[in-house]
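Below is one structure; the comments refer to it alone.
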Amino acid sequence: MRKAWIVVSLAVSSGLAFVMLLVIGVYVVAGNLVNGVGGGAAKALAKGAVPAAYRDLVDRWGKLCPAINPALLAAQLYQESGFNPRAQSPAAAQGIAQFIPGTWATHGIDGDGDGDRDVWDPKDAIPSAAKYDCTLASYVKDVPGNLTENMLASYNAGAYAVIKYGGVPPYKETQNYVKRIRALEESFAAPVGRVDPSRQAAGAIAYAQKKLGTPYLWGGNGAPEQGGRFDCSGLTKAAYESVGIKLPRVANDQYNAGPHPKRDELLPGDLVFFSDDPADSRAIRHVGIYVGGGYMIDAPRPGAVIRFDPIDTPDYFGATRVTEDGAKALPTTV
């Protein structure tokens, strides 16, 4: 891994020299990790990635058949509804799993055994989503290629198309759907090994450093009419947009833009998140950009300025290593 681009990107004033040393030092170590990514098929759920009310359901039903896993099922639910059990689309798709009435009539099950199949009840809808996935997988089990990806393609384009083409059909929408869910799957899975440092991370830090001292503005995106001011997620969004990665606007959606390193695995450029609910990423209320040594750059609150703050506080929730695929996979609305 080349280091020169990091040093150039992170050139800062002498007053920030301690941060520069922290960043470079951590990246030197990170350079040895690029080829150390772990693998495995367990796909256990990342901390807080699924709201606590649904975590046990997703974990249990995500193991219904070999074609799915809890992280994949979580990715589908997030893509469909953002875990909103009252979601309804213009196409009449309903509930947390966004079943249309005809599909629900055929594939909906009484997941909680209360004698009622209710599309609006996650205790029925989540098991039904898992069962529907497994049913589709059974239709295409003899098709060449990856069973999970053929199942996802069947969900989008129909099993007949997958059988006809001998795998994921050559439809751009379907191919993008499969790629999007597989990328989101990684953001809901607990890492089983080290994850790659992002080459865009240093540029994002450099952007944020240039904004140090800028006053906070709720809803601020750094626009000229806003005086170039930001709120917390506006800053992180702009920082990564400066290096070609488009993140969602709000912090709790930014959490799903990549895998989640543990606290002792943090690298500069990781997004760090804070919440009063340690079990639910949808409750995240603050985000910053990690710079090393236990510090982040963030836009903390009204009346404050963009500054360095420690991350080791009681409300620390977790972190995300932003990836291009992970960011592109995120739905525009959830």
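The values are calculated or read from the model by the stated rules, or taken from the named source; none is laboratory data. Everything quoted here is computed from the prediction, not taken from an experiment. As a convention, Cβ positions derive from the backbone with ideal geometry for all residues, glycine included, and neighbour counts pool all protein chains shown. These area figures cover heavy atoms from the full protein model, side chains too; ligands, DNA and RNA do not enter into them. Shrake-Rupley method; radii C 1.70, N 1.55, O 1.52, S 1.80 Å.
Ligands, DNA and RNA left out, the 1.4 Å accessible surface of the stretch 34-125 is 51% carbon and sulfur atoms.
Simple spin-label estimate for Asp142 and Glu265 gives 4.1 nm between the two label positions (7 Å along the Cα-to-Cβ direction from each Cα). Close amide H contacts of Met296 (hydrogens built in the peptide plane, cut-off under 5 Å, sequence separation of 5 or more or a different chain): Val291, Asp309, Ile311. Relative contact order of the chain: 19 percent, from C-alpha pairs under 8 Å at least 6 residues apart in sequence. Here the simple spin-label model places points 7 Å from the Cα toward Cβ, and for Ala279 and Lys172 these points are separated by 4.4 nm.
Bridgeable lysines around Lys246 (alpha carbons under 30 Å apart, same-chain partners fewer than 8 residues away excluded): Lys3, Lys43, Lys47, Lys172, Lys179, Lys210, Lys211, Lys237, Lys262, Lys328.
Computed from the C-alpha gyration tensor, the three semi-axes of the ellipsoid equivalent to the chain are 38, 22, 17 Å, from longest to shortest. On a per residue basis, the stretch 92-212 carries 44 Å² of accessible surface, using protein heavy atoms and a 1.4 Å probe.
Taking a ≥ b ≥ c as the square roots of the Cα gyration tensor eigenvalues, with a/c under 1.5 meaning rounded and otherwise prolate when a/b beats b/c, else oblate, which class fits the stretch 194-334? It is rounded, given that a/c, with a ≥ b ≥ c, falls under 1.5.
The phi-based Karplus calculation (6.51 cos²θ - 1.76 cosθ + 1.60; θ = phi - 60°) puts the 3J(HN,Hα) values of the stretch 299-307 at 9, x, 5, x, x, 9, 10, 4, 7 Hz, whole numbers, x for Gly and Pro. The heavy atoms of Tyr171 present about 90 square angstrom of accessible area, all protein chains included, probe 1.4 Å.
By a 1.4 Å probe calculation restricted to protein chains, Phe308 has an accessible surface near 50 Å², given to the nearest 10.
A Förster distance of 45 Å, applied to the separation of the beta-carbon atoms of Ile100 and Trp218, puts the FRET efficiency at 0.75. The distance between label points at Asp56 and Ala304 comes to 3.6 nm (points 7 Å beyond Cα on the Cα→Cβ vector).
Summarise the accessible area of the stretch 263-324 (1.4 Å probe, protein heavy atoms) by the percent that is carbon and sulfur.
Values: 1140 of 2250 Å².
Answer for the stretch 263-324 is 51 percent, counting heavy atoms of protein chains only.
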